Amino acid sequence: MSSLKIRIMRKNKKQPPRHLVRTLPKVNIIVAATMSAGKTSLINALLGTDLLWSANEAATAAITRIQHAGQDEKTMRGICFTWEGKRYQMADAVDNQLLHAWNDSPLVKHIELSGYVKAFSKSRFLPVIYDTPGANNSQDTSHAQLLKEALEGCDDGIVVYVLNATQPATRDDARLLGDIKQHLDARPGKQIIFVLNKVDELDEDKGETTEHAVQSAARYLEQNGFSAPVIIPAMMQCALVARKMLTRLGTTRSQTRHLRNELARFRLNKHVLNNAALIPQPLRETLRQELTQRAVSTVSNDEFCRSELRQFAAYSGVRTLELYLTHYL
């Protein structure tokens, strides 16, 4: 049996009975990308906290598997395994530093996490998220093998491929997309969607608009064999900061400053990302309702309004991804 299929033994007595948990089907969500595209930031935005280690370099060296559990799971449990499939360490409550240490250890092949993910609280299934290493790391060829193993270990589900809006159509992307396309062609039960991340870093003064970036990405993906791709423009790092503020988690000065700048643009046109997205029309209408049902804050630019921060999630792309994963699979 593949070590990826090892499950964490639950010891929390408040955990719902097993027969109730099994009534919901599991769906594998494999997050893939080249290095530094922002896939770890994407998962952290879904979690609403900086749980997974993120950096401006190859930050993921092991496969991390996150299973959504019941609401009574107040902490994220964790266990890591060696390349031989043996249990290495475990913890009832993992944090960013422990995961960084596990991920950085050459002994650790994969990590299993289990805990409550609010983003999936109303999901019709039990999401299982895979954070995979960037397969284009020339310094460590095992990264490509780990991604291949994660893909082949899941016969169904969805691949969420993260593209970097500031580095479009790279050779590494084309190579990885080709491998994933070949894999998907052999497994018709799987589908793929694309998240065009870091659109907040585009230079609009140079004509780098979100709409233009999405259309360019669509042409590029179609050239690589992905017809009529679903593309969600996003700013996942900024979405994460907004969600951390909503739960009163600490943020840095630079994070706060960047969010303040994006909120200013959001107030000018809060539908720009939703309008540019290539998504099902019912999903677009749902997001439009979320963006209009709450009044935009009238506070000064130096303050943050909770209702506006929640609305910003619908603007930033993270809410779009959540709704797609929970309602459109």
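I'm trying to understand the selection: among the residues of the stretch 230-250, which are surrounded by fewer than 17 Cβ atoms within 10 Å (Cβ to Cβ) and β-branched (Val, Ile, Thr)? I'd like the intermediate steps shown before the answer.
Taking the stretch 230-250 as the starting set, the residues that turn out to be surrounded by fewer than 17 Cβ atoms within 10 Å (Cβ to Cβ) are 246-250.
The answer is Thr247, and nothing else.
Could you check the stretch 61-105 and list, in sequence order, the residues that are part of a loop (DSSP other than H, G, I, E, B), closer than 25 Å to Ser36 by Cβ and at pLDDT below 90?
The answer is Ala61, Ala62.
Would you mention how many residues in the stretch 91-118 are out of contact with any Ser or Thr (no Cβ under 7 Å at 6 or more places or on another chain), farther than 25 Å from Lys148 by Cβ, touching a residue at least 24 places away in the same chain (Cβ under 8 Å) and not β-branched (Val, Ile, Thr)?
Of the residues in the stretch 91-118, the ones out of contact with any Ser or Thr (no Cβ under 7 Å at 6 or more places or on another chain) are 91, 94-102, 104-106, 112, 114, 116-118.
Applying the additional criterion that residues be farther than 25 Å from Lys148 by Cβ yields 91, 94-98, 101, 116-118.
If we keep only those that are touching a residue at least 24 places away in the same chain (Cβ under 8 Å) as well, we get 94-96, 116-118.
This time we only want the ones that are not β-branched (Val, Ile, Thr), so: 95-96, 116, 118.
Of the residues in that region, 4 qualify.
Starting from residues that are among the β-branched types (Val, Ile, Thr) and more than 17 Å from Leu126 (Cα to Cα), keep the ones in the stretch 148-171 and report whichever is surrounded by the most Cβ atoms within 10 Å (Cβ to Cβ).
Taking the stretch 148-171 first, the residues among the β-branched types (Val, Ile, Thr) are 158-160, 162, 166, 170.
Applying the additional criterion that residues be more than 17 Å from Leu126 (Cα to Cα) yields 162, 166, 170.
On the way: Val162: 25, Thr166: 16, Thr170: 15.
Looking at the filtered set, the residue picked out is Val162.
A quick yes/no check of all residues on (1) touching a Ser or Thr at 6+ places or on another chain (Cβ under 7 Å); (2) hydroxyl-bearing (Ser, Thr, Tyr); (3) over 28 Å from Leu24 (Cβ atoms):
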| site | (1), (2), (3) |
| --- | --- |
| Lys74 | no, no, no |
| Phe120 | yes, no, no |
| Gly134 | yes, no, yes |
| Cys154 | no, no, no |
| Ala169 | no, no, yes |
| Asp172 | yes, no, yes |
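Taking the options Ala213, Ala144, Ala169, Ala174, name whichever one is part of a loop (DSSP other than H, G, I, E, B), of a type in the set (Gly, Ala, Ser) and farther than 22 Å from Leu325 by Cα.
Numbers: Ala213 fails: part of a loop (DSSP other than H, G, I, E, B); Ala144 fails: part of a loop (DSSP other than H, G, I, E, B); Ala174 fails: part of a loop (DSSP other than H, G, I, E, B).
Criteria check complete, one pass: Ala169.
Look at Pro127 and say whether it is at pLDDT below 90 and assigned to a strand (DSSP E or B).
On the way: at pLDDT below 90: yes; assigned to a strand (DSSP E or B): yes.
So Pro127 fits the description; yes.
Please give the number of the condition Lys270 fails out of (1) closer than 21 Å to Cys305 by Cα; (2) out of contact with any helix residue (DSSP H, G or I) (no Cβ under 8 Å at 6 or more places or on another chain); (3) of a type outside the set (Gly, Ala, Ser).
Answer for Lys270: the failing condition is (2).
The values are calculated or read from the model by the stated rules, or taken from the named source; none is laboratory data. What you see is a predicted model; the values in this text were computed from it and never measured. Because the Cβ atoms are built from the backbone with ideal geometry, glycine has one as well, and the counts that use them run over all protein chains shown.
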